[in-house]
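Below is one structure; the comments refer to it alone.
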Amino acid sequence: MIEVVQGGGPLVLGLPHTGTYVPPEIEARLNARGRALADTDWHIERLYDGLVSDVTTVRTPVHRYVIDVNRSPDGESLYPGQNTTGLVPLTDFDGLPIWRDGEVPDADEVEERRVAYHASYHAALAAEMERLRARHGFAILYDCHSIRSRIPFLFDGVLPDLNIGTNGGATCASGIAAAVEAVCRKADGYTSVTNGRFKGGWTTRHYGRPDEGLHAIQMELAQSAYLAAEAPPWTYDENRAETLRATLRTILETLSAWRP
């Protein structure tokens, strides 16, 4: 079920939250709010499609409400003391329940989903990182995300357009972060921040081991930068998206050309 497109370059794009597939037996247990799937990283696969050649992509079609492959498999919070959602979310990003009364998954079911969906995604991602490290001596994971720019339950105010996450610089060589930051600073009309509200999810933190030749960096985009509106039907805005794609192309070209 995991979708892998292999390239020969050192860059891997992770696509953990673009999927909207929910098995029917699970969908039946979601309430109306849950079935809306509002917390999808809408159109991210389209936004990044074709920006650079010879890149590897790893994507799960399964929605994060089934299981969030960007959370720790043991359920440990990535942001202690802050509102967030878990391995199998109980609420949406607004803090409102997504399951019908009495239908919240128990620990045994969470473990079943972890094995079926979370483990398979990371097995595929780990295999691609290892394949490219063997070929180049290093590999770079660029984890692709997006989120609404205003979510009071998760953060105050308005999110910058481009949110770079390296877990405080721990997940990649300093030159990688600096190169991406430089592109973002020069991007006319966009705001950016490094290790702000989003410092990198479990994927970035897990795979980012620069001393072993494995580098990881997360990009959380504000959906206002490429959607017509941050509300259903989550319409892709061609003009906004093409403008943003120019900046994203430069970022990916820079990462593809980076060498230790």
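The values are calculated or read from the model by the stated rules, or taken from the named source; none is laboratory data. Bear in mind that the values here come from a model prediction, so they are computed numbers and not experimental data. For neighbour counting, all protein chains shown are included, and Cβ atoms are generated from backbone atoms with ideal geometry for every residue, glycine included.
ASP101: at positive phi, of a type in the set (Asp, Glu) and over 19 Å from the mean Cα position of the chain (by Cα), yes or no?
Numbers: at positive phi: no; of a type in the set (Asp, Glu): yes; over 19 Å from the mean Cα position of the chain (by Cα): yes.
In short, no.
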Report summary line: In region 74-91, anything at pLDDT 95 or above and surrounded by fewer than 20 Cβ atoms within 10 Å (Cβ to Cβ) is listed as LEU90, THR91
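Looking at region 201-212, is at least one residue surrounded by fewer than 18 Cβ atoms within 10 Å (Cβ to Cβ) and either at pLDDT below 95 or outside any strand (DSSP E or B) (or both)? Spell out how you get there, then give the answer.
Pass one, region 201-212, residues surrounded by fewer than 18 Cβ atoms within 10 Å (Cβ to Cβ): 209, 211-212.
From the residues that got through so far, the ones that are either at pLDDT below 95 or outside any strand (DSSP E or B) (or both) too are 211-212.
Yes, region 201-212 contains a residue that is surrounded by fewer than 18 Cβ atoms within 10 Å (Cβ to Cβ) and either at pLDDT below 95 or outside any strand (DSSP E or B) (or both).
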Query raised in the report: in a loop (DSSP other than H, G, I, E, B), without any contact (Cβ under 8 Å) to a residue 24 or more places away in the chain and either more than 22 Å from PRO232 (Cβ to Cβ) or in contact with a His (Cβ under 8 Å, 6 or more places away or on another chain) (or both): does that describe GLY7?
Result: no
Query - Near pairs, Cβ below 9 angstrom, 6+ apart or cross-chain, from region 54-66 (within 23 Å of GLU103 (Cβ to Cβ) and among the hydroxyl-bearing types (Ser, Thr, Tyr)) to any residue that is modelled with pLDDT of 95 or more and in a strand (DSSP E or B) - result: THR60/GLU3; THR60/LEU15; THR60/TYR21; TYR65/LEU30; TYR65/TRP99
Query raised in the report: Mind checking which residues of region 178-223 are in contact with a helix residue (DSSP H, G or I) (Cβ under 7 Å, 6 or more places away or on another chain) and more than 15 Å from ILE140 (Cβ to Cβ)?
Result: ALA187, TYR190, SER192, THR194
Requested in this report: Among the residues of region 213-242, count how many are β-branched (Val, Ile, Thr) and buried (at least 17 other Cβ atoms within 10 Å of the Cβ).
Outcome: 1
Requested in this report: Scan (1) more than 13 Å from the chain's Cα centre (by Cα); (2) in a strand (DSSP E or B) for the single condition VAL12 breaks and write down its number.
Outcome: (1)
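Taking region 171-200 as the search range and keeping residues that are part of a loop (DSSP other than H, G, I, E, B), among the polar types (S, T, N, Q) and surrounded by fewer than 21 Cβ atoms within 10 Å (Cβ to Cβ), which one is farthest from the chain's Cα centre (by Cα)? First the steps, then the outcome.
First, the residues of region 171-200 that are part of a loop (DSSP other than H, G, I, E, B): 171-173, 187-191, 195-200.
Retained after the next criterion (residues that are among the polar types (S, T, N, Q)): 171, 191, 195.
Next, from what is left, pick out any that are surrounded by fewer than 21 Cβ atoms within 10 Å (Cβ to Cβ): 191, 195.
Working: THR191: 19, ASN195: 15 Å.
Checking each candidate, the answer is THR191.
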Report task. Write out, first by first residue and then by second, each pair whose Cβ atoms fall under 8 Å of each other, whose residues are 6+ apart or on separate chains, and whose first residue, in region 220-244, is at positive phi and in a helix (DSSP H, G or I) while the second is at pLDDT 95 or above and hydroxyl-bearing (Ser, Thr, Tyr). Result -> none
